[in-house]
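Take a look at the structure below.
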Amino acid sequence: MKQKKQIVVFLVLFVVAATFWFWYFDRDKPTVTAGAVSVAQTYQLHSVENPQLHIDRLAAARKPEYKYAGRNIFSAIAPPPPSKEPDKEVSKREPVGPQPDPIPPPPTLPPNLKFFGYGTVPNGMARRAFFTDGEDVYIVSEGEILLNRYRILKVNNTNLEFEEISSGRRSTVMLEDKEPGPSS
């Protein structure tokens, strides 16, 4: 009895699947109604006065000539009108357009921070720089960051090259020699 129920369920599912299968493929066929008009029948050609190629226009488009008109074609700002007076000195002319910002001075370490020495680790290749800030001493290797603001680039025998992280500007600071204190 159990096997008969399975066969009946299988047949019912087969009939439902076959119905959906034929319905799906039957939908793809175009249906034509009595009042339908195709697009090709209603399309009208555009009228063109002269269907010939305009060779003279093509030749002119292939040979453009740029003639300088005294203006930068890549700038949106128009040049000032020419003055009626002749220029006495060319050096007194002011540049036209937006002025670039002046070059900022090279970065400097804070005045209380002193570079007083360098050293190396016997097993390592990177040199280390020694800084003092009053009572605090900082030991920073090449490539590391000092005070979350400066990256140490190169430690030399007499100077130190560093980069300000925020602006990318580079500078050099000299090794400060401390005079030996009075011996007691």
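Every number here is computed from the coordinates shown, using simple stated rules; none is lab data. Since we're looking at a predicted model, the values are computed, not measured. Methodologically, a virtual Cβ is constructed for each residue, glycine included, from the backbone with ideal geometry; neighbour enumeration extends over all protein chains shown.
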Can you compute 3J(HN,Hα) from phi for each residue in region 113-125, using the Karplus curve 6.51 cos²θ - 1.76 cosθ + 1.60 with θ = phi - 60°, rounded to whole Hz and x for Gly and Pro? 9, 10, 8, 10, x, 8, x, 10, 8, x, 8, x, 9
If N is the number of residues in region 114-174, what value comes out of its Cα radius of gyration divided by 2.2 N^0.38 Å? 1.06
Residues meeting the amide H criterion for Glu144 (H placed from the backbone, H to H distance under 5 Å, 5 or more places apart or on another chain) are Ile152
Which value, in debye to the nearest 20, gives the size of the charge dipole of region 114-174 about its Cα centre, when Lys and Arg are +1 and Asp and Glu are -1 at the Cβ? 220
What three numbers, in Å, describe the spread of the alpha carbons of region 50-174 along their principal axes, ordered from the longest? 88, 50, 23
